[in-house]
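Asks: Below is one structure. I have some questions about it.
The values are calculated or read from the model by the stated rules, or taken from the named source; none is laboratory data. Model, not experiment: these values are computed from the prediction. With ideal geometry, Cβ positions are generated from the backbone for all residues, glycine too; neighbour counts draw on all protein chains shown. When the accessible area is computed, the model is the full protein with side chains, heavy atoms only, and any ligands, DNA or RNA have been set aside. Shrake-Rupley method; radii C 1.70, N 1.55, O 1.52, S 1.80 Å.
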Amino acid sequence: MLLKEKTNPEDNIAPWLITKWKTDWGKEYTNKICEQMMPSDESSVVPRIDLSTKFTYSSDQNSDKVQQLLEALGEDSILLPHSSIRVGTNLKGGVKNWPGYNEGTWWVQDASSTLPALVLVSSLRDKYGDLSWLNIVDMCAAPGGKTSQLLSAGFASVTAVEANQRRSRRLIENLKRLGFVDDCEVVVQEGQTWYPTRDGKNAPVHGILLDVPCSATGTGARRPDVLRRSPVIKDLLQIQEKLANHCVDTILDVGGIMVYATCSLLKEESELQVEKLIARGKDKNEGRAVMKTLPIHPHEVPGYEGAIDGNGWLRVLPGVLEGHLMSTDGFFVARLVKVE
């Protein structure tokens with residue numbers, strides 16, 4: 001279907017999705033989301049490419065190297081509040097020809113997509129200080145942006161679990177370019193059936209980043225096709241729930257931290273899934289993990305302070321934040337600690 005020109009942004013988005021958004025976020029926010037996703041004035045659209053760098057997530061954040069890279073990328077490239085780089089329009093040519101690509105200095109990653117790893121690293125650093133002995137799992141890891149963030153932070157072990165064979169090959173290619181492939185164990189297996197072992201024994205896991213498969217409705221500005229689809233949400237919800245339950249019941253150590261994330265703008269895939277995950281632990285007769293929210297604090301997510309909700313979770317809606325972050329993917333992030 002061809003997208004209409006000079007029309008109401010809602011006309012280019014599936015009616016079922018508009019209805020869901022209005023139920024979840026109200027008419028005002030839905031209008032902002034639609035205008036950001038499908039601007040009525042297409043001439044005002046500026047292509048958005050965000051980069052993450054190796055220097056941002058290490059304990060000794062090297063601001064000098066970030067600044068040097070920023071300057072090399074062009075005078076209209078900017079450093080976003082949480083240290084992603086938004087590439088300006090003056091930089092020409094293919095991405096592979098940009099400064100720092102061949103050196104494996106950076107990778108393409110939407111600004112909002114960095115938030116799950118950002119808050120996981122922050123909480124583990126606050127809890128343990130030294131990250132060099134901690135074991136971390138990145139579930140549903142491809143294409144590898146979040147994995148690369150975790151590897152940049154300096155954990156002892158990062159295991160990237162990816163069910164899709166084709167996507168896992170892309171993950172490995174990206175890790176090779178960045179010089180991380182020897183530091184990461186890539187497992188091609190469905191996350192809900194995977195168990196961490198080392199030398200034939202159960203291995204401790206101190207942190208999990210679970211960015212579940214979802215409708216991807218938060219990425220519509222970059223991938224307008226997702227706004228016209230009618231995905232089988234019921235199937236996605238089942239996969240999300242199985243993954244989350246398996247991670248907290250079977251993989252995560254007591255005292256460990258899990259970040260649950262989606263690039264969905266639907267509450268049923270995001271907030272409601274976390275509510276269920278917390279509620280199910282109250283039935284202690286079932287041997288289920290008891291999880292509680294570890295609230296995200298404003299200083300951990302510069303520029304996204306206004307996206308922290310009353311639960312201490314992050315809910316990023318396109319078109320709602322101010323400044324450059326008005327244009328960003330929609331995302332949901334909740335941080336949980338395993339109490340027992």
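Asks: Please return the longest range in the chain lying between exposed loop sites, taking trypsin sites (Lys or Arg not before Pro), DSSP loop only, at most 15 other beta-carbon atoms within 10 Å, and leaving the sites out.
Replies: 93-221
Asks: For a quick check: with amide H placed at 1.01 Å from N, whose amide H comes under 5 Å from R228's, ignoring anything fewer than 5 positions away on the same chain?
Replies: Amide H neighbours of R228: A14.
Asks: Let me ask something additional. What distance in nm lies between label points placed 7 Å from Cα along the C-beta direction at N90 and D130?
Replies: In this crude label model, N90 to D130 measures out at 4.5 nm.
Asks: Comparing D50, D24, D235, which has the greatest mean-square fluctuation in the GNM of the chain with Cα pairs linked when under 10 Å apart?
Replies: D235
Asks: Also, quick follow-up: Check each of the GluC sites (Glu not before Pro) in the range 83-192 and keep only those in coil by DSSP with at most 14 other C-beta atoms within 10 angstrom; list them in order.
Replies: Hits after loop and neighbour filter: E103.
Asks: Just want the answer: with Cβ charges of +1 for Lys and Arg and -1 for Asp and Glu, which residue in M291, G220, W194 is farthest toward the dipole's positive end in the range 166-295?
Replies: So the residue furthest toward the plus end is G220.
Asks: Now, a different point. In units of 2.2 N^0.38 Å, what is the alpha-carbon radius of gyration of the chain?
Replies: 0.98
Asks: Here is a follow-up. Once you've got the GNM for the chain with C-alpha springs shorter than 10 Å, pick whichever of S40, S264, S113 has the biggest mean-square fluctuation.
Replies: S40
Asks: If you don't mind, there's one more thing I want to ask. Where the convex hull is taken over the Cα atoms of the range 13-112, what is its projected area averaged over directions, in nm²?
Replies: Across all orientations, the range 13-112 yields a mean hull projection of 8.7 nm².
Asks: What length, rounded to one decimal in nm, is gained on full extension from T250 through to K22, with 0.36 nm per residue of separation minus their alpha-carbon distance?
Replies: Gain on stretching T250 to K22: 78.4 nm.
Asks: Simple spin-label model, 7 Å along Cα-to-Cβ: R169 to E275 in nm?
Replies: 4.2
Asks: Could you give the alpha-carbon Rg of the range 61-161 over 2.2 N^0.38 Å, rounded to two decimals?
Replies: Taking the Cα Rg and dividing by 2.2 N^0.38 Å, one obtains 1.16.
Asks: Sort the range 102-223 into rounded, prolate or oblate with this rule: let a ≥ b ≥ c be the square roots of the eigenvalues of the Cα gyration tensor; rounded if a/c is under 1.5, and if a/c is not under 1.5, prolate when a/b is larger than b/c, oblate otherwise.
Replies: rounded
Asks: Same structure, new question: State the dimensionless ratio Rg/Rh of the range 58-98 (Rg: radius of gyration of Cα atoms; Rh: Kirkwood radius).
Replies: We get a ratio of 1.00 for the range 58-98.
Asks: Per residue, how large is the accessible surface of the range 57-144? Use a 1.4 angstrom probe and give square angstrom.
Replies: Result: 44 Å² of accessible area for each residue.
Asks: On to the next question. Rounded to the nearest percent, how much of the accessible area of the range 231-340 (1.4 Å probe, protein heavy atoms only) is carbon and sulfur?
Replies: It is 52 percent, rounded to a whole number.
Asks: Next up: Using 0.36 nm per residue, how much length does the chain from S230 to N102 gain when fully extended, once their Cα-Cα distance is taken away?
Replies: My answer for the length gained is 42.2 nm.
Asks: Would you work out if the range 220-318 is rounded, prolate or oblate? Take a ≥ b ≥ c from the square roots of the eigenvalues of the alpha-carbon gyration tensor; rounded if a/c is under 1.5, else prolate when a/b is larger than b/c, oblate otherwise.
Replies: oblate
Asks: Let me check against my output: what whole-number percent is the relative contact order of the chain, with C-alpha pairs under 8 Å and at least 6 apart?
Replies: RCO, the chain: 17 percent.
Asks: When only Cα pairs under 8 Å and 6 or more residues apart are kept, what is the percent relative contact order across the range 59-197?
Replies: 18
Asks: Another one. Per 0.36 nm of contour for each residue apart, how much would the distance between R198 and K176 grow if the chain were fully extended, relative to their Cα-Cα spacing?
Replies: Here the answer is 5.6 nm.
Asks: Considering Cα pairs under 8 angstrom that are at least six residues apart, work out the relative contact order of the range 169-298 and quote it in whole percent.
Replies: 26
Asks: Follow-up question, since we're still on this one. Take the alpha carbon gyration tensor of the range 151-274, find the square roots of its eigenvalues, order them as a ≥ b ≥ c, and report rounded if a/c is under 1.5; if not, report prolate when a/b exceeds b/c, else oblate.
Replies: oblate
Asks: Picking from A160, A307, A141, which is most flexible by a Gaussian network model of the chain using Cα springs under 10 Å?
Replies: A307
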